1. Filter the chymotrypsin sites (Phe, Trp or Tyr not before Pro) in the range 42-142 down to the DSSP loop ones having no more than 14 other Cβ atoms within 10 Å, then list what survives.
2. Once you place label points 7 Å from the Cα toward the Cβ at K200 and N283, how far apart are they in nm?
3. Find the centroid of the Cα atoms in the range 254-285 and in the range 72-127, then give the distance between the two in whole Å.
4. Past the 26 Å Cα-Cα mark, which pairs from K87/K243; K15/K37; K201/K243; K15/K186; K15/K103; K38/K175?
5. Quick one: check the C-alpha center-to-center distance for the range 12-33 versus the range 160-201, whole angstrom.
Amino acid sequence: MLKEKKLLNDEYAKKIFRSEDCREYVASVIAVVLNLKKEYVMENLTLINPNVNINENVKDQEVDTVYDTKENYINIEINYRNSKVSKIKNSAYIAQLYLKQVKPGEKYQIKPIVQININNYDYYKKNQFIYHSYVMEEEYHIVRDKNIEIYDINLDLLSKMDYNEIEKKNERDLKWLLYIFVCEDKRLRKEVYGGSEMMKKVNKKVEDYGEALDAYLFYDKKALDDAGIYEMGVDDGMIQGEKKKAIDTAKKLLQLGIGTIEQIIEVTGLTKEEIKAIQKEENASEKSEE
């Protein structure tokens, strides 16, 4: 039986979904979720600027990943905690993508918006792997607006599956495609994906920073679950427990002399200013000890 799974750091998850090298993988995920042919998705998929700003005074302007197709906008979000903040942010992204298409003097021509949420949790707590939602009338279950679709994927369920179950599946199965998000074991990843050229490229993205940084590529799922529930201030929206973990990780990397500042930013999600402040604090601490 495998040890408890961890979850791929969201910075690396975004790298995968934004990478041209992983274009086929992204198309495969979208094709399976939306029940389309991968070749069709590949032909019509265009990565666009993740800054969906409509008004500079509005918070949460940058999505994790957004693609334009001939038929819709597809917003892929990585969510590690089922919090009020994450729900508001995801709704704000949909609203901004919607408003982005409404321009003065032009007719209303709205491309539907599909949001694919890859969640660390079971959104509806019904023990399903994937949920499909619309804006719907409560009593009659009539869809009010087909221009907004939301898919919630339950990584918690996937993290509890043994790799032997996954190994039997293929690229037309969403569990097989997303298992890499919860499998930190290099050997198991090779066993599951060794025969797939597409997944070799994805796996390479996960391992780009080499052995020294591997310990920081994955979030500890239990630590995330046990982390404090309080949100930080309006400036960063990071959860208190996750922020502390990022700072502790940065300190450890600086102490060991592992990675450049840019690499530490990639791993932790902290800003350059925050890393420099930690570096200054560490240097001051060393001098005081002397």
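Read the figures in this text as sums done on the coordinates, not as results from a lab. Keep in mind that what you see is a predicted model, and the values were worked out from it rather than measured. Virtual Cβ from ideal backbone geometry, glycine too; neighbours counted across all protein chains shown.
1. Hits after loop and neighbour filter: Y108, Y124, Y140.
2. Inter-label distance under the simple model: 4.4 nm.
3. 32 Å
4. K201/K243; K15/K103
5. Cα centroid of the range 12-33 versus Cα centroid of the range 160-201: 15 Å apart.
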